[in-house]
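Here is the structure we will look at.
The values are calculated or read from the model by the stated rules, or taken from the named source; none is laboratory data. Worth saying up front: this structure is predicted, and the values here are computed from it rather than measured. Positions of Cβ are generated from backbone atoms using ideal geometry, with glycine treated the same way; all protein chains shown enter the neighbour counts. Note: accessible area is taken over every heavy atom of the protein model, side chains too, but ligands, DNA and RNA are not part of it. Shrake-Rupley method; radii C 1.70, N 1.55, O 1.52, S 1.80 Å.
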Amino acid sequence: QVQLVQSGGGLVQPGGSLRLSCAASGSIFSKLAMAWYRQAPGKLRDLVSSITSVGSTYYADSVKGRFTISRENAKNTVYLQMNSLKPEDTALYYCNALQTGSWGQGTQVTVSS
């Protein structure tokens, strides 16, 4: 079973930037497609972005052009760089390994002045 440990997040002003990291255990990370989801209070968990094992990416329309997903297989880590943050980006963010169904512990991102 792959375990995912998240870091990053926090409080940032509108227009600011944050980077989330998600480190995976085990030796199969390079073969996994990875994704970031977010869940705002009272809402469903939504897919934000994903990256395949060969680096193909997907972005939700709401974050396209502002967020960048990347992976560093040598460090078993996937990142989500978030720029030009808006108050509506406020949510709990989770990383996910698609093939194993593993989830990170979640990290809070709050965008507020």
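So, for the range 35-113, what is the accessible surface per residue at a probe of 1.4 Å, expressed in square angstrom?
Per-residue accessible area for the range 35-113 comes out at 51 Å².
Can you tell me which of 101, 42, 55 moves the most in a GNM of the chain? Springs connect C-alpha atoms under 10 Å apart.
Residue with maximal mean-square fluctuation among 101, 42, 55: 42.
Once fully extended, how much extra length lies between residue 54 and residue 19, figured as 0.36 nm per residue of separation less the alpha-carbon to alpha-carbon distance? Can you show the working numbers first?
Working: separation 35, 0.36 × 35 = 12.60 nm, distance 2.15 nm.
Computed gain between residue 54 and residue 19 is 10.5 nm.
Of all the stretches in the chain, which is the longest one without any exposed loop site, taking trypsin sites (Lys or Arg not before Pro) in a DSSP loop (any state but H, G, I, E, B) with at most 13 other Cβ atoms within 10 Å? Before the final figure, lay out the partial values.
Numbers: sites that count: 43, 64.
Between the exposed loop sites, the longest stretch runs 65-113.
Roughly to the nearest percent, how much of the accessible area of the chain is carbon and sulfur, given a 1.4 Å probe? Intermediate values should be presented prior to the final figure.
Details: 2900 of 5820 Å².
Its accessible area is 50 percent carbon and sulfur atoms.
Take every Cα pair under 8 Å in the chain that's 6+ residues apart, average their separations, divide by the length, and report that relative contact order as a whole percent. Before the final figure, lay out each step's value.
On the way: 272 pairs, mean separation 42.7, N = 113.
Relative contact order here is 38 percent.
How long, wide and thick is the chain, going by the Cα atoms along their three principal axes, in whole angstroms, largest first?
That gives 41, 25, 22 Å along the principal axes, largest extent first.
Starting from the 7 Å offset along Cα-to-Cβ, what nm value, one decimal, do you get for the label separation of residue 30 and residue 100?
Going by the 7 Å Cα→Cβ label model, 1.6 nm.
Would you mind checking the range 8-44 for residues with the amide N under 20 Å from a putative spin-label position 7 Å along Cα→C-beta of residue 74?
Only 21-32 fall inside the zone, counting backbone N under 20 Å.
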